[in-house]
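Coordinate-derived values only; no laboratory data. Bear in mind that the values here come from a model prediction, so they are computed numbers and not experimental data. So basically every Cβ, Gly included, is an ideal-geometry build from the backbone, and we count neighbours across all protein chains shown.
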Amino acid sequence: MSPATGYAGVPRWVAAIAVVGALFVLLPLAAMVMRVNWGGFVGLVTSESSVSALLLSLRTSLAATVLCIVLGVPMALVLARSTFRGQKVLRSLVLLPLVLPPVVGGIALLYTFGRRGLIGQSLDALGISIAFSTTAVILAQTFVALPFLVLSLEGALRTVGTRYEAVGATLGAGPTTVLRRITLPLVLPALVSGSVLSFARALGEFGATLTFAGSLQGTTRTLPLEIYLQRETSPDTAVALSLVLVVVAVVVVGIAHQAGSTKYLRGAL
Amino acid sequence: MTFAFDARLAGRGFAVALSVAPGETVAVLGPNGAGKSTLLGLTAGLLRADQGRAVLDDTVLFDTDGGAFTPPHQRGVSLLAQEPLLFPHLTVEENVAFGPRSAGASRQSARSTARHWLAEVEALELADRRPAQLSGGQAQRIAVARALASDPRLLLLDEPMAALDVSVAPALRRMLRRVLVGRSVVIVTHDILDAFTLADRVVVLDAGRIVEQGPTREVLERPRNAFTAGLAALNLLVGVRSERGIRLADGSEIFGASTLQAGSPAAAAVRPSAVRVSPDEPVSGNRIRGEVLDLEPRGDLVRVRSALISADVAPALAADLDLVPGAAVWFGFDAAELAIYAA
């Protein structure tokens, strides 16, 4: 961060521990890459079950991201812009899926949308069955990914503050116009990076999906589930598919990083 | 356009009633925390009054008795803050076109309105820039254009010159004087030059209350209140009109001409720059003995303050006289420098 000539002030032993930490993260990835069977890589990744899992993962993760945006933007706005009783408690509860074991999330979803669930019962009566369908995959992914979007967007909304919005209002813009033309463009970088993070979380979702949606090839067996299953029978396929997920994750982190540093905002905030 | 305002906000100790006539520019003067920004916030609809009522033409802005509250975007009140706050994601032209667009103007007509006001503030060549590419003075000029383009019935200016370089403030002040003609404006400032240049009338606020108001020159050149005199940087002496001048509370007499009837309450003002400081009693002219309270550098002069009167002297003189707090000196000035008027 600091220029080469500036005083850094990091003790050597701290730097040494930091190197160990970085190795701890990078070494397993390297170990995995070293195990990739490059000769059969293309064949393994393009097998029918692999492609079907990959496409399902991309489809459901995109749908979950859209759902996160639709639900998360209003949630972040309400949390950042209004004050009401129990707001702090609500914020903590909304962020719960971040720390909850995904399996627990899956069980909770099952008792909500499952055939005997809180809402599932009524839906079942209408002939709609959600559990163990592709919809269930999307719901499970949305459940675990939503806090990422809400958290990053709420932070950005607080940082931007309400001053631009107040100016917009005194210039004659109603609340919806202010939201559309001022607030959302101002937090667009956070919205993009939050969405990308949600997408990444959805793509990697395993526990809640397995519990709530099961593992049916082409319907609910996403890439992480496929990797877990292949690990038993074909370790080479599991490693190859893992590498695909790693590459997607790296790309996603890169995009989120780029979006977080949009030029015009630097002078404004 | 007539604006009538009367509101109280207990949390901030604010209780102010004022009105603005059509086409009138009213300057609100006062120190930090006097309630100037509260006044603007209440008028623009960004704050809510505990009690009170404000009417702009036939629109009730708020009325705590009836529970009426017009949201900011429906008030026709535009607020220009200390900082320009141009929308960073829009170009200069889009910023200025924001108001007309919000009012429902077509893209084409909003654009031509924007260009008209950009030309008016001499910033047409900046139309395609982003706010991050502007200097502070340019940005504030565009903020003025943006506020005017929304065609407000009442324009509020919150210390528009305060955040600018001293070198660009005069140009903006001149521009404001030109574009504010015929508009109803409330301008908050702590700079009396703004008041003299822009305002028809001034309202002096202190601690959430109006302490003095009236036509600009009358209030600022003939203050009746120590606080206003301080803002106008004048020495204010209060007493009773005597045969040859004004008799102060301590019984001493200061000489000066006035048409005021002897015996009536009077105030007298003298500029600190017209006051001399000497260790010995002056042989002629008005003189007041005082103890130096403090010395404050002001540009190329030093303001020497005593309880009753202040003087601006050259730094070299202050050093020669060994002026330090606690020193007893004489303050002298000519009778011709004194303005005496009814208190």
For residue B:7, the lone unmet condition from (1) in a strand (DSSP E or B); (2) touching a helix residue (DSSP H, G or I) at 6+ places or on another chain (Cβ under 6 Å); (3) touching a residue at least 60 places away in the same chain (Cβ under 8 Å) is (3)
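Let's see how each residue does on (1) under 29 Å from residue B:15 (Cα atoms); (2) touching a Leu at 6+ places or on another chain (Cβ under 9 Å); (3) in contact (Cβ under 8 Å) with a residue 12 or more places away in the chain:
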residue	(1), (2), (3)
B:98	no, yes, yes
B:105	no, no, no
B:159	yes, no, yes
B:164	no, yes, yes
B:185	yes, yes, yes
B:197	yes, yes, yes
B:209	yes, no, yes
Among A:173, A:166, the single one that is without any contact (Cβ under 8 Å) to a residue 60 or more places away in the chain, within 30 Å of residue B:47 (Cα to Cα) and not in a helix (DSSP H, G or I) is A:173
If you go through A:148, A:132, A:143, the only one that is aromatic (Phe, Trp, Tyr), in a loop (DSSP other than H, G, I, E, B) and away from chain B (no Cβ under 14 Å) is A:132
Can residue A:36 be described as surrounded by 11 or more Cβ atoms within 10 Å (Cβ to Cβ) and either touching an Asp or Glu at 6+ places or on another chain (Cβ under 7 Å) or in contact (Cβ under 8 Å) with a residue 12 or more places away in the chain (or both)? yes
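Residue-wise test of (1) within 14 Å of chain A (Cβ to nearest Cβ); (2) surrounded by fewer than 16 Cβ atoms within 10 Å (Cβ to Cβ); (3) assigned to a loop (DSSP other than H, G, I, E, B).
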position	(1), (2), (3)
B:105	yes, no, yes
B:110	yes, no, no
B:116	no, yes, no
B:122	no, yes, yes
B:125	no, yes, no
B:129	yes, no, yes
B:132	yes, yes, no
B:137	no, no, no
B:146	yes, no, no
Exercise. Could we say that residue B:56 is touching a residue at least 60 places away in the same chain (Cβ under 8 Å), in contact with a helix residue (DSSP H, G or I) (Cβ under 7 Å, 6 or more places away or on another chain) and under 24 Å from residue B:149 (Cβ atoms) here?
Worked result: no
Of all strands (runs of 3 or more DSSP E) fully inside the stretch B:22-97, the set with 2 or more residues that are buried (at least 20 other Cβ atoms within 10 Å of the Cβ) and within 11 Å of chain A (Cβ to nearest Cβ) is B:77-80
